[in-house]
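*Asks:* This is the structure I want to talk about, given as structure tokens.
The values are calculated or read from the model by the stated rules, or taken from the named source; none is laboratory data. All of these numbers come straight from a predicted model, not from anything done at the bench. Cβ atoms come from the backbone with ideal geometry, glycine included; neighbour counts cover every protein chain shown. Surface areas here come from the heavy atoms of the whole protein model, side chains and all, with no ligands, DNA or RNA. Shrake-Rupley method; radii C 1.70, N 1.55, O 1.52, S 1.80 Å.
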Amino acid sequence: MDALSWGAICATILKQFMPVWIALAATFALSISFKRRLGLYGKLFDSTVGMIGFGIVMFWVFTALFAPMIQMYDVLTQIAQLKNKVPGTALPDGAGYYILGGDHLGRDVFSRVVAGSRVVIQIAPLATMFAFMVGITLGLPAGYYGGRLDTGLSFLANLVLAFPVILLFYLLVTPEIVKTGLPQYIGVVLFAMPLLFLVLLTNSRFYVTPGFRNMLVGGILLIGGWAYLSLIGEADTRVNLLPAALDFIHMPGNILIVFVSVVFVNAPTVFRIVRGIVLDIKTRDYVSAAQTRGERPWYIMLWEILPNARGPLIVDFCLRIGYTTILLGTLGFFGLGLSPESPDWGSTINAGRKLLTIAPHPAFVPALALMSLVLGLNLLADGLREESMKD
Amino acid sequence: MLKFLGRRIFMMLISAICITFVVFFLTNLAPNLEKVAKSEAGSRISDEEVASWLEKNGYTQPLLKRYGEWLGVAPGWTWSDENGVTTGRCIAPGSDPVTTPRYCGILQGNWGNSNVFKSPVSTVIGKRLSVTGVLMFWVMVTMVPISLLIGVMAGMREGSRTDRALSSFSIASTATPEYVSGVIMIVIFASSVTGLKWFKGTSASDVSDITFQNFFLPVATIALYGIGYIARMTRASMTEVMTAQYIRTARLKGVSFRNVVLKHALRNALIAPFTVIMLQFPWLLNGVVIVETLFNCKGFGWTLVQAAGNNDIQLLLGCSVIAVLVVLVTQLISDIGYVFLNPRIRIS
């Protein structure tokens, strides 16, 4: 069979992404028709920039969701004749095409990029959320109480921020250090924060109705504690707390470490942002009113200050997912953490960069994918900022 | 002002000590030391031999003591074997143990020896830093004026077409990390795909061979990522200044737009970007490591990757000292500069 022309390649790609187009069209149609009832999310559809950003982000989210339907070949199948072949090359048995060419091992570039979106879409938002919970749980009291607590926590945050990120990654992710269990111990501390956050959140809200409060907090502690123990514990590592039968979250060791290091790097910045906002908001009248009413500090922090800080935090959340994506790519680029076979974009760029001048497409395609996702998140954040300022 | 300065410098030293201690702790964990022993004394040695090698080389002392030795505030270890030959941290092979100084650490200028490059760490780092220094110089020379210009032009008339175009450009450039823009630029300017072989995709060369062809792509790659961020900050600061009362007064007085921007707005709008540029250094360090790996340019970032990848403890410690100092000193400069530029800030 002949190689495909560029037009045919584009047509095939468009056809492959069909489930994504349908899902995108449905999302946009529904959101635009109900936009007046959807709050800030609905207002997003008033701004062109926000809509473009949202579209790009959702494109990758749906790609990750429908990845098994979109990708054409297995991500690890190697066909020796197709090593470094240009886009549109036909398979040797004539059964199909590598529409975006083959990489240095003869794997399909298109399928790998599609599968790689799964890794990014799974890790980046979740890691960012954890970083936010850590940052909020520590930033609120630091800003609200001030004094020694603030000095101490700010010093720690500045310390982590002064650490060169790449050095930190190299120190945390190397096999020798992983063997000592250190990243897992950091994970033990970091992952306890979301649990603490949820408990504080519900406890401060329902303190006046002890019966309901006890039930709720107990439930959170039971389910959250189980999830926590099962997340941090992994068989055959230093931290192995639950018996195998109860351990329902199986995170491969290196993904956990990537996760921990990304949260660790992001949390201090979130802490600083939250602390800054709290310092500003705590001088407002409604905070004094709550204080006069005799509300307890955690209620004021979590139910008076935090909801009023949501605007800047949502915007920063979007930006930070983009930044986390960049960090994940950086880890992959240096071959740290994720296995070299993993189809994630950073590792693929790393594998392709050595042959860049001969066969550029294996690195070029994931590079474009990563750039478009981060660009989408940035535009989305910009749109949200613009719309939330209009209130 | 002096008190503020003293406190900042004191905090900076404390941070430096804390961070270097953490790096020291992480690089001196047991598995790392075992690897060092095996690479120095042969890879097939038994566990007992590893233990005795570590003891002979002062690695079995308490961590704090060894950190003190490395820093140069504790006397170096000595070891006398059964033949009465004394070796020690500060005793160079073949020299007389009696005449050597007791202290030898970072503070005394002894940075240890690199296992990978087989030469003193200070010479390795010095040589590599000069390459990176040249790279950084050109990055700064291109990045700062371009980003300030873009930011001021965009913020001058908020919402105009120029603003839209320049803001989109800066968003796009912040969304393109170095390893992406580097790949794209190599593909466009240095590969056979487009046929434009204007620049070289690698700059595996010494300081002596700095040419436009070699250095353009690495410099452009690092600068591009920084430009977007600084430009956005400058734009934000510029739009804020342009809505200030005194600008309106100047406009109503009949001062031309050009003069308002150049004489009234610019000075105040450039205070915030100064801090941003200074705080950009840690990110530049990141970019330097990525770009030097991508373009195979043998500078500081490349050395750091080599040291980390080959478990070269002394070199890694040396690199981290430099990196941490760069970060902390720029933070200090940005704090001082902020106070200096903005007389409204009073810090008691």
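*Asks:* Starting at the first residue of segment B:158-173, write each ³J(HN,Hα) from the Karplus equation 6.51 cos²θ - 1.76 cosθ + 1.60 with θ = phi - 60°, in whole Hz, x for Gly and Pro.
*Replies:* 5, x, 6, 5, 4, 4, 4, 5, 5, 5, 4, 4, 5, 5, 4, 6
*Asks:* OK, next. Roll a 1.4 angstrom probe over the protein heavy atoms and tell me the percent of accessible area of chain B that is carbon or sulfur.
*Replies:* Carbon with sulfur: 63 percent of the solvent-accessible area.
*Asks:* Averaged across B:5-16, how many Cβ atoms of other chains sit within 10 Å of each residue's Cβ atom? Don't skip to the answer; put the middle values down first.
*Replies:* Numbers: counts 0, 0, 0, 0, 0, 0, 2, 1, 0, 2, 6, 1.
Counting other chains' Cβ atoms within 10 Å and averaging over B:5-16 gives 1.
*Asks:* OK, next. Once you place label points 7 Å from the Cα toward the Cβ at B:E40 and A:Y286, how far apart are they in nm?
*Replies:* Taking the two extended label points, one gets 6.3 nm.
*Asks:* First obtain the Kirkwood hydrodynamic radius of chain B from its Cα pairs, then insert it into the Stokes-Einstein equation at 20 °C and 1.002 mPa s, and state the resulting D in µm² per second as a whole number.
*Replies:* It diffuses with D of about 91 µm²/s by this estimate.
*Asks:* Taking R0 as 41 Å, what FRET efficiency do you get between B:W79 and A:I186 from their Cβ-Cβ distance, rounded to the nearest 0.05?
*Replies:* The computed FRET efficiency comes out at 0.70.
*Asks:* Next up: Mind ordering B:149-155, B:3-9, A:179-185, A:355-361 by average Cβ neighbours within 10 Å, highest first?
*Replies:* Most protected by this proxy first, the peptides run B:149-155, A:355-361, A:179-185, B:3-9.
*Asks:* What part of the accessible area of segment A:118-324, given as a whole %, is carbon or sulfur when the probe is 1.4 angstrom?
*Replies:* Accessible surface attributable to carbon and sulfur in segment A:118-324 totals 69 percent.
*Asks:* Looking only at GluC sites (Glu not before Pro) in DSSP loops with at most 16 other Cβ atoms within 10 Å, what is the longest site-free stretch of chain B?
*Replies:* After excluding every exposed loop site, the longest remaining stretch is B:159-348.
*Asks:* Right, next: Under 13 Å from a point placed 7 Å out from the Cα of A:D46 along the Cα-to-Cβ direction: which residues of segment A:344-386 have their backbone N that close?
*Replies:* The answer is A:384-386, whose backbone nitrogens lie closer than 13 Å to the label point.
*Asks:* If you take each beta carbon of peptide B:326-336 and count the beta carbons of other chains within 10 angstrom, what is the mean? Don't jump to the answer; show the numbers that get you there.
*Replies:* On the way: counts 2, 5, 2, 0, 1, 3, 0, 0, 0, 0, 0.
Per-residue shielding by partner chains comes out at 1.
*Asks:* I would also like to ask the following. Expressed as a rounded percentage, what relative contact order does chain A have, with Cα pairs under 8 Å and six or more residues apart?
*Replies:* It rounds to 24 percent for chain A.
*Asks:* What does the average come to when, for each residue of peptide B:291-300, you count the partner chain Cβ atoms lying within 10 Å of its Cβ? Spell out each step's value before the answer.
*Replies:* Details: counts 0, 0, 5, 5, 1, 2, 0, 0, 0, 0.
What the average comes to for B:291-300 is 1.
*Asks:* To continue, here is another question. Name the residues whose placed amide hydrogens come within less than 5 Å of the amide hydrogen of B:G105, ignoring near sequence neighbours (fewer than 5 apart) on the same chain.
*Replies:* Those qualifying (amide H under 5 Å, at least 5 residues apart or on another chain) are B:N110.
*Asks:* Hey, another quick one. Mind listing the long-range amide H neighbours of A:Y97? Cut-off is under 5 Å, sequence gap 5 or more, other chains count too, H placed in the peptide plane at 1.01 Å from N.
*Replies:* Under 5 Å from the amide H of A:Y97 lie the amide H atoms of A:L91, each far enough along the sequence or on another chain.
*Asks:* With viscosity set to 1.002 mPa s and temperature to 20 °C, compute the Stokes-Einstein D of segment A:118-324, Rh being the Kirkwood radius across alpha carbon pairs; µm²/s, no decimals.
*Replies:* Working: Rh = 18.3 Å.
This corresponds to a translational diffusion coefficient of 117 µm²/s.
*Asks:* Per 20 Å bin, what percent of the C-alpha pairs of the protein assembly as shown does each bin hold, from zero upward?
*Replies:* Bin by bin from 0 Å, the calculated values are 14, 46, 33, 7, 0.
*Asks:* Still on this structure, please answer the following. Calculated FRET efficiency, A:N214 and A:N308, Cβ-Cβ r, R0 35 Å, to nearest 0.05?
*Replies:* Details: r = 29 Å, r/R0 = 0.82.
With R0 = 35 Å, the Cβ-Cβ based efficiency is 0.75.
*Asks:* Another question, then. How much mean residue ellipticity at 222 nm does chain B get from its helices, if each DSSP H run of length 4 or more adds -39500 (n - 2.57) and you divide by all residues, to the nearest 500 deg cm²/dmol? All intermediate terms of the calculation are to be shown ahead of the outcome.
*Replies:* Numbers: 14 runs with 226 residues, N = 348.
Value at 222 nm, helices only: -21500 deg cm²/dmol.
*Asks:* Starting from 0.36 nm per residue, how many nanometres of slack lie between B:E55 and B:M11 once their C-alpha separation is accounted for? Kindly include the intermediate steps, with their values, before the conclusion.
*Replies:* Details: separation 44, 0.36 × 44 = 15.84 nm, distance 3.56 nm.
Extra length from B:E55 to B:M11 when fully extended: 12.3 nm.
*Asks:* Residue by residue, what Karplus-based ³J(HN,Hα) values in Hz, rounded to whole numbers, does segment A:212-226 have, using 6.51, -1.76 and 1.60 with θ = phi - 60° and x for Gly and Pro?
*Replies:* 4, 4, 4, 5, 5, 4, x, x, 4, 5, 5, 5, x, x, 5
*Asks:* Testing the spin-label approximation: label points 7 Å from Cα along Cα→Cβ at A:A8 and A:Y207. State their distance in nm.
*Replies:* 7.1 nm
*Asks:* Amide H of B:S114: which non-local residues (sequence gap of 5 or more, or other chain) have their own amide H closer than 5 Å, using H built in the peptide plane?
*Replies:* Answer set, sorted by chain and number: B:S119, B:V121.
*Asks:* Taking 1 over the mean of 1/r across every pair of different Cα atoms in chain A, what Kirkwood radius in Å do you get?
*Replies:* 23.3 Å
*Asks:* Output the Cα-based Rg and Dmax of segment B:125-310 in Å, rounding Rg to one decimal and Dmax to a whole number.
*Replies:* Final numbers for Rg and Dmax: 19.3, 67 Å.
*Asks:* So, one more: Applying a 10 Å radius around every beta-carbon, put A:32-38, A:136-142 in order of their mean neighbour count, most first.
*Replies:* A:136-142, A:32-38
*Asks:* I'd like to compare B:135-145, B:57-67: which one has the highest average count of other Cβ atoms within 10 Å, and what's the full order after that?
*Replies:* B:135-145, B:57-67
*Asks:* Please find the FRET efficiency linking B:R164 to B:K118, where r is the Cβ-Cβ separation and R0 is fixed at 35 Å, and quote it to the nearest 0.05.
*Replies:* It comes to 0.05.
*Asks:* Provide the per-residue ³J(HN,Hα) series for segment A:358-366, in order, calculated from phi with Karplus coefficients 6.51, -1.76, 1.60 and θ = phi - 60°, each as a whole number of Hz, with x at glycine and proline positions.
*Replies:* Working through the residues one at a time gives 8, 10, x, 4, x, 8, 5, 5, x Hz.
*Asks:* Over segment B:250-339, what is the relative contact order in percent, taking alpha-carbon pairs closer than 8 angstrom and at least six residues apart?
*Replies:* 32 percent
*Asks:* Find the cysteines in chain B that fail to meet the 4.7 Å Cβ criterion with every other cysteine, and list them.
*Replies:* Cysteines of chain B left without a disulfide-compatible partner: B:C18, B:C297, B:C319.
*Asks:* Given points 7 Å out from each Cα along the Cα-Cβ axis, report the A:K83 to A:V199 separation in nanometres with one decimal.
*Replies:* For the pair A:K83/A:V199, the computed spacing is 5.7 nm.
*Asks:* Sum up the charges of everything whose Cβ sits under 13 Å from the Cβ of B:K35, counting Lys and Arg as +1 and Asp and Glu as -1, but leave B:K35 out.
*Replies:* Within the 13 Å Cβ shell, the charges total -2.
*Asks:* Show which lysines lie in cross-link reach of B:K127 when reach means a straight Cα distance below 20 angstrom and same-chain residues fewer than eight apart are skipped.
*Replies:* B:K118, B:K298
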